[in-house]
Amino acid sequence: MPDYVKGKLIRLSLAFTDASDAAVDPTTVSVRIRPPDGVKATYVYGVDAELVRDGVGNYHFDLSLEQYGMYGYYAWSTGTGQAAAHGEIKSVEPVA
């Protein structure tokens, strides 16, 4: 896992497909972010402007690393194109 400097903007890209691997828009798309302070926030496409649709089956969420430490993310969809993914991003202090 690479380290990123505090203040960097990280793009989380989400791609959804059906059983035949064709791009599909899920019924719902959500992203939950857990910053280092532990205060979780959930974003839903169509409700929150932070979760953006780029085209059929393709979405993104731009995460601004405003704190030092480990960020967790969990992205999931329901209905058509149901899927889920999670991961962590580490924000560090610049060396200079």
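Among residues other than V5 whose Cβ falls under 14 Å from its Cβ, what is the net charge (Lys/Arg +1, Asp/Glu -1)? Don't skip to the answer; put the middle values down first.
Values: positive: K6, K8, K90; negative: D3, E66, E93.
So the surrounding residues net to 0.
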Report for segment 3-92 the percent antiparallel among DSSP-assigned beta bridges with both residues inside it, nearest 5.
90
Among the aspartates and glutamates, select those whose C-alpha is under 12 Å from the C-alpha of K6, and discard any that sit fewer than 8 residues away in the same chain.
E66, E93
As straight-line cross-link partners of K40, the qualifying lysines (C-alpha separation under 18 Å, not fewer than 8 residues apart within one chain) are K90
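Calculate, in nm to one decimal, what T27 and A85 gain on full extension: separation in residues at 0.36 nm each, minus their alpha carbon distance. Could the numbers behind the result be given before it?
Details: separation 58, 0.36 × 58 = 20.88 nm, distance 1.64 nm.
Full extension from T27 to A85 adds 19.2 nm.
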Cα lying deepest toward the dipole's positive end in the chain, options Y68, V56, G87, charges on Cβ
Y68
Using Cα springs under 10 Å in a Gaussian network model of the chain, which residue among V39, V24, V52 shows the largest mean-square fluctuation?
V39
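Throughout, read-outs are computed from the coordinates displayed, never taken from laboratory work. In this text the structure is predicted, and so the values were computed from the model without any measurement. Cβ sites come from the backbone with ideal geometry, for glycine too, and all protein chains shown count toward neighbours.
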